[in-house]
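The values are calculated or read from the model by the stated rules, or taken from the named source; none is laboratory data. Model, not experiment: these values are computed from the prediction. Cβ atoms come from the backbone with ideal geometry, glycine included; neighbour counts cover every protein chain shown. Protein only, heavy atoms only, side chains kept; ligands, DNA and RNA dropped before computing areas. Shrake-Rupley method; radii C 1.70, N 1.55, O 1.52, S 1.80 Å.
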Amino acid sequence: KDRCYWLLYTERKIYPSTFWLLVRVGEVYSPKRGLNERMVPLEAIVPAAQNNINTQFILLEKGKITWDGQNKMCLGLVADKTAAVHLQLWGEECEAFEAGDIIRMENGIFSYNKNNLVLRAGRRGKVEKVGDFTMEFVETPNLSEVKWVPDPNNSNKYVQHSVISPHSRIFPPIP
């Protein structure tokens with residue numbers, strides 16, 4: 001297996017000296033936590049009831065803010081170079097991001113919420129803006145528009161069954 005590395009240059013806050021850190025491509029370095037879990041492309045996510053998705057994407061469109069009881073929420077369309085998916089934002093997250101923002105998600109979850117398959121941070125996850133406007137992406141396939149079924153060999157996992165729509169039905173492509 002090929003191993004690709006980037007040299008990451010950073011400054012230490014405690015001692016005003018600098019150092020180089022060797023990081024494998026696809027891993028995230030955070031000065032607070034060091035090397036994090038590997039980032040996964042959107043095409044690799046599957047529905048699950050676990051908060052374990054670490055990924056990065058660009059917000060292509062954001063829908064109107066709605067209210068679910070006393071909670072604010074909105075849906076967005078996000079993508080990376082492998083796939084697109086609907087992102088659900090809650091509360092302050094709705095105002096924190098705009099179209100064109102590059103967002104990193106840690107410990108996210110891809111699951112059904114009111115019959116919509118969405119990627120979201122959930123209670124234990126985190127989303128943060130890490131850049132804007134410059135990211136390679138595709139709008140198809142949209143994983144929120146795929147019918148998933150339990151894996152016949154492992155009932156704890158899901159597999160793609162069929163494509164409901166090749167693109168987002170909530171955020172249709174501009175002709």
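Worth a mention:
- Restricting region 146-170 to residues that are among the aliphatic types (A, V, I, L, M) and not in a loop (DSSP other than H, G, I, E, B), the residue that is nearest to the chain's Cα centre (by Cα) is Val146.
- Strands (runs of 3 or more DSSP E) within region 64-145 that include 3 or more residues open to solvent by less than 30 Å² (accessible area, probe 1.4 Å): 71-79, 84-90, 101-113, 116-120
- Members of region 146-160 found to be of a type outside the set (Asp, Glu) and open to solvent by 30 Å² or more (accessible area, probe 1.4 Å), listed by number: Lys147, Val149, Pro150, Pro152, Asn153, Asn154, Ser155, Asn156, Lys157, Tyr158, Val159, Gln160
- Every test in (1) under 16 Å from Ile45 (Cα atoms); (2) modelled with pLDDT under 85 is passed by Ile174 save one, and that test is (1).
- Among the candidates Phe97, Phe57, Phe110, residue that is closer than 19 Å to Tyr158 by Cβ, at pLDDT 50 or above and aromatic (Phe, Trp, Tyr): Phe110
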